[in-house]
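What follows is a single structure, written as structure tokens, with notes after it.
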Amino acid sequence: MQCKPPVRPTTSSSALIMMTRSLLLLRYMLEFFWDLNPGDQERTVGALKIETLNLHGLNLNEAREKTLQNIAWAIKHGVDVLVINHGKGHHSSGGIGVIKAEIRKMLKDEQSLRDNGYRVIYGESDQPVALTYNEGNTLIVARNMVTEYVGGRAQQDRNLRIFSEEGKQERKAQKKWRKH
């Protein structure tokens, strides 16, 4: 059996490869410069100024460093909610979220948060500000914003209606009615 020689890429596929490499290089350069002004994504929802930090793909030391940089930046710029997206840990060995656990432990001990009036809220909590998040997120929230609902005005109104005391009573009544 005779082996075929490797196929040499055509000019168009070579150009495509070069373009892909250039785009990847541009992406890495943007991420590098983005970190000079930390914060992966900033948006304002209603009255809340929200900053998002994505720690996926980082090792533990990089995640700690990037989190501390973003905390300092968020405090300096008066961010109401810093959403840290550390993931749930499904892709970690043993399915245990190492970054999640370490970041949460670090945040508990972070004095600058307490000094500047911020609280740490887990994404799985039932606090109004955390209702649209899950255990893959940890929120750093300005103390007076913990009871605010995140989302557009319609989503905020819906959350207020659903998670108010009246809404809780209504859901309980519906559950009882379905059981009978």
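The values are calculated or read from the model by the stated rules, or taken from the named source; none is laboratory data. Values in this document were obtained by computation on a predicted structure and should not be read as measured data. Glycine also receives a Cβ, built like all others from the backbone with ideal geometry; neighbour counts cover every protein chain displayed.
Quick one: is Y118 surrounded by 16 or more Cβ atoms within 10 Å (Cβ to Cβ), of a type in the set (F, W, Y) and modelled with pLDDT under 90?
no
Residue-by-condition table, conditions (1) closer than 20 Å to H77 by Cβ; (2) in contact with a Phe, Trp or Tyr (Cβ under 7 Å, 6 or more places away or on another chain):
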| position | (1), (2) |
| --- | --- |
| E102 | no, no |
| M106 | no, no |
| S112 | yes, no |
| D115 | yes, no |
| Y118 | yes, no |
| L131 | no, yes |
| V141 | yes, yes |
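State all residues of region 52-77 that are touching a Leu at 6+ places or on another chain (Cβ under 6 Å) and either without any contact (Cβ under 8 Å) to a residue 40 or more places away in the chain or over 19 Å from Y133 (Cβ atoms) (or both); if no residue qualifies, say none.
Let us first name the residues in region 52-77 that are touching a Leu at 6+ places or on another chain (Cβ under 6 Å), namely 63, 70, 74.
The one that is touching a Leu at 6+ places or on another chain (Cβ under 6 Å) and either without any contact (Cβ under 8 Å) to a residue 40 or more places away in the chain or over 19 Å from Y133 (Cβ atoms) (or both): N70.
Every residue in region 123-144 that is surrounded by fewer than 16 Cβ atoms within 10 Å (Cβ to Cβ) and either modelled with pLDDT under 80 or in contact with a Lys or Arg (Cβ under 7 Å, 6 or more places away or on another chain) (or both), please.
Hits for region 123-144 are D126, T132, E135, R143, N144.
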